[in-house]
Amino acid sequence: MTRPEVPAERKSLVYQPSCGPVSGVDLPAELTLPGTVATAGDRGLFSAMHPLQCVLQVQRSLGWGPLASVSWLSLRMCRAHSSLSSTTCPSPERQEDGARKDFSSRLATGPTFQHFLKSASAPQEKLSSEVEDPPPYLMMDELLGRERKVYLETYGCQMNVNDTEIAWSILQKSGYLRTSNLQEADVILLVTCSIREKAEQTIWNRLHQLKALKTRRPRSRVPLRIGILGCMAERLKEEILNREKMVDVLAGPDAYRDLPRLLAVAESGQQAANVLLSLDETYADVMPVQTSPSATSAFVSIMRGCDNMCSYCIVPFTRGRERSRPVASILEEVKKLSEQGLKEVTLLGQNVNSFRDNSEVQFNNAVSTNLSRGFTTNYKAKQGGLRFAHLLDQVSRVDPEMRIRFTSPHPKDFPDEVLQLIHERDNICKQIHLPAQSGSSRVLEAMRRGYSREAYVELVHHIKESIPGVSLSSDFIAGFCGETEEDHVQTVSLLREVQYNMGFLFAYSMRQTRAYHRLKDDVPEEVKLRRLEELITVFREEATKANQMSVGCTQLVLVEGLSKRSATDLCGRNDGNLKVIFPDAEMEDVSNPGLRVRAQPGDYVLVKITSASSQTLRGHVLCRTTLKDSSANC
Ligand code: SAM
Ligand code: SF4
């Protein structure tokens, strides 16, 4: 099975492991890390540059430092280049705008470059979703949305689905309205993905379509503004602004709080960018807006970024360093979702089980981390903090009728206490995503995964012993640098040995990572594709066998709604997150003996499984029940 794509139309609440669902088959600067902040002497250098170059230059020097507003600097530089502004700042079309004049005069009395540097280097004291005091050259009302309509389009993983809601929450508070109709939008924001080349190509294609929309826009309407958010904004920065002049706003994954200001700058006719990565931004206080009232499940982001630096992966560069959200704010969000009647929460993060809340001083701060046996990290051992087992325990206590899942974990962070908790707690789903990437120890080493095939297989056995009936899924990459036929055969044999219930399989796509700099992308595209096809075939055969073991069992299913294929069938998910289809029929309600009911979205029902494929189970419904009272028998 390959991951379903999150298409151009915005989709909510599809379950996929992090950073994955772009497509199963996609073929095809070194980043400057912490540096010195520019000093007063750099001013001469900056003044010789195009304003945007200068902005990006400073961003580079700030590296992974605290969040700072690039747009302020962009504006300031435009003031310094007032004689160039007709070519380097607003487009001629936009100069007609009377507001521009007013804006320039305010710029003239704006802050200096030193002012910017001071605010950029000041420690970040608060994480607040409130609109901060505007810089002197922007009036408060210019930061407000003034009921402009925003159309948000999400690409990529669930983190992006969640980020979309965070961005929307911030914009909504600033007075923007949301629309699902592209034609009536005043602002179009694409939340983008960079994980594979094809994901980025999709966005470039989409931008060409949007360009036409922008050009055709009648002059009677406010100009259409287009923004690129997320990983692609972070990775490509000036390339996007240079290649696509019609892009008005760039906001990296840690810059969503700055969106109202970036859009205000764009209103004045300039391109505005903030692609600074943060060491501590978790949007802890920004509650994503639940947009679908009929939703039965929600994603809750618990950590961001990744410190692992697998040699093929762009995520540490686009999403920055690993940081976790405070436990208290996660619990608050889960409680709210429970009060809204949601029945399932998926804890989200790039390495969700590497969670470590260091926000409060704990007495056990010297306790070092328990890794899975035989696993190592690419970074210096971390100590202390509240770990994933603690969080999982707390979250699962919020509402015993609420199912808890998590994705995407890394296999190195499955200590026994996590496995034991999953086994013991009824509402934590017995489902573990365990991305292997390859079945060959040689390739795993080149990938810098921190484990051998043997250590991985031992972990799988340990998990299966600790959590009987556990459902396993994995990610695999076909055709990584230097992968031989023998390595590929090892991956095929791992698929056979583990017999995953779900799988997410990709052809290797070269990104500008360690592998790009040090290894050779030497597996020809047709070989990558052929190997990928083979992995898919083997995965399907094995998943069918694994899923057929459910036939004859009674399983607890959370009802999602009507089946897409038949109006007489309902569809839901079992504990292992497999789709279960069953006829919409009257049934008994175990909480109200004698009462006959029909299942509604959000109900738990017991379903007797009658058939299975690699992706779906079918059965007939027995009764409506509760998670606590359920007597699922396998
Ligand atoms: N953090 C999780 C882990 O490492 O176990 C997985 C999250 S990762 C962002 C999602 C998946 O995308 C990876 O598991 C990997 O299979 C795939 N992926 C990442 N970089 C890729 C690349 N350059 N080409 C193909 N697939 C890639
Ligand atoms: Fe990418 Fe590896 Fe981090 Fe997963 S653990 S997000 S594959 S770098």
Unmet criterion (only one of (1) touching a Ser or Thr at 6+ places or on another chain (Cβ under 6 Å); (2) crowded, with 22+ Cβ neighbours inside 10 Å) for ARG514
(2)
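So which helices (runs of 4 or more DSSP H) are wholly in segment 154-262 and hold at least 2 residues that are in contact with a Pro (Cβ under 6 Å, 6 or more places away or on another chain)?
On the way: elements: 158-173, 197-216, 231-236, 238-243.
Filter on segment 154-262 gives 158-173.
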If you go through segment 290-346, how many residues are away from ligand 2 (no atom under 16 Å from the Cβ), of a type in the set (A, V, I, L, M, F, W, C) and in a strand (DSSP E or B)?
4
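Please work out which residue is farthest from ligand 1 (Cβ to nearest atom), limiting yourself to segment 187-224 and to residues that are farther than 28 Å from GLY305 by Cα and open to solvent by less than 10 Å² (accessible area, probe 1.4 Å).
Within segment 187-224, the subset farther than 28 Å from GLY305 by Cα is 208-224.
Subset that is open to solvent by less than 10 Å² (accessible area, probe 1.4 Å): 210, 224.
Working: LEU210: 26, LEU224: 32 Å.
For segment 187-224, the residue satisfying everything is LEU224.
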Given (1) within 16 Å of ligand 1 (Cβ to nearest atom); (2) among the charged types (D, E, K, R); (3) under 24 Å from ARG387 (Cα atoms), ARG235 misses just (3)
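Matching residues to (1) within 16 Å of ligand 1 (Cβ to nearest atom); (2) open to solvent by 10 Å² or more (accessible area, probe 1.4 Å); (3) within 30 Å of ARG217 (Cβ to Cβ):
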{"residue": "LEU262", "(1), (2), (3)": "no, no, yes"}
{"residue": "VAL275", "(1), (2), (3)": "no, no, yes"}
{"residue": "VAL286", "(1), (2), (3)": "no, no, no"}
{"residue": "THR296", "(1), (2), (3)": "no, yes, no"}
{"residue": "CYS306", "(1), (2), (3)": "yes, yes, no"}
{"residue": "CYS310", "(1), (2), (3)": "yes, yes, no"}
{"residue": "ARG321", "(1), (2), (3)": "yes, yes, no"}
Any pair with Cβ under 7 angstrom, 6 or more apart, that starts in segment 460-485 at a residue that is within 20 Å of GLU542 (Cα to Cα) and ends at one that is open to solvent by 20 Å² or more (accessible area, probe 1.4 Å) and within 16 Å of ligand 2 (Cβ to nearest atom):
ILE477/TYR312
Search result, residues across segment 448-499 that are under 22 Å from TYR312 (Cα atoms) and of a type in the set (Gly, Ala, Ser)
GLY450, SER452, ALA455, SER473, SER474, ALA478, GLY479, GLY482
Going residue by residue through segment 145-152, is there one that turns out to be part of a loop (DSSP other than H, G, I, E, B) and open to solvent by less than 10 Å² (accessible area, probe 1.4 Å)?
yes
Failed criterion for SER566 (all others in (1) closer than 30 Å to LEU342 by Cβ; (2) of a type in the set (Gly, Ala, Ser); (3) surrounded by 15 or more Cβ atoms within 10 Å (Cβ to Cβ) hold)
(3)
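Find the residue count for segment 580-606, including only residues that are in a loop (DSSP other than H, G, I, E, B) and basic (Lys, Arg). Break it down stepwise before answering.
Our first condition is that a residue be in a loop (DSSP other than H, G, I, E, B); within segment 580-606, this holds for 584-586, 590-595, 598-603.
Pick out the ones that are also basic (Lys, Arg) and you get 598.
Of the residues in segment 580-606, 1 are in a loop (DSSP other than H, G, I, E, B) and basic (Lys, Arg).
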Sole miss for SER268 among (1) of a type in the set (Ser, Thr, Tyr); (2) within 19 Å of the chain's Cα centre (by Cα); (3) farther than 18 Å from GLU322 by Cβ is condition (2)
Expected output for segment 259-280 (first residue among the basic types (Lys, Arg), partner buried (at least 24 other Cβ atoms within 10 Å of the Cβ), Cβ below 7 Å, 6+ apart or cross-chain) is ARG261/SER71
Any chance segment 266-278 includes a residue that's over 24 Å from ALA389 (Cα atoms) and within 16 Å of ligand 2 (Cβ to nearest atom)?
yes
Which ones in segment 214-235 are touching a helix residue (DSSP H, G or I) at 6+ places or on another chain (Cβ under 7 Å), farther than 18 Å from TYR155 by Cα and hydrophobic (A, V, I, L, M, F, W, C)?
LEU224
Can you tell me which residue is farthest from ligand 1 (Cβ to nearest atom) among those in segment 503-524 that are in contact with a Cys (Cβ under 8 Å, 6 or more places away or on another chain) and closer than 30 Å to THR544 by Cβ?
VAL523
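Residue-by-condition table, conditions (1) away from ligand 1 (no atom under 16 Å from the Cβ); (2) buried (at least 17 other Cβ atoms within 10 Å of the Cβ); (3) at pLDDT below 95:
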| site | (1), (2), (3) |
| --- | --- |
| LEU386 | yes, yes, yes |
| ALA389 | yes, yes, no |
| VAL395 | yes, yes, no |
| PRO400 | yes, no, no |
| SER408 | no, yes, yes |
| ILE422 | yes, yes, no |
| SER438 | no, yes, no |
| ARG449 | no, yes, no |
All but one of (1) of a type outside the set (Lys, Arg); (2) touching a Cys at 6+ places or on another chain (Cβ under 7 Å); (3) farther than 30 Å from VAL559 by Cα hold for TYR451; state the number of the condition that does not hold.
(2)
Whether any residue in segment 564-577 is touching an Asp or Glu at 6+ places or on another chain (Cβ under 7 Å) and under 28 Å from SER493 (Cβ atoms) is what I want to check.
no
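The values are calculated or read from the model by the stated rules, or taken from the named source; none is laboratory data. Everything numeric here is computed off the predicted structure, so don't read it as measured data. All Cβ positions, even for glycine, are placed from backbone atoms using ideal geometry, and neighbour counts span all protein chains on display. Accessible surface areas use protein heavy atoms only, side chains included; no ligands, DNA or RNA. Shrake-Rupley method; radii C 1.70, N 1.55, O 1.52, S 1.80 Å.
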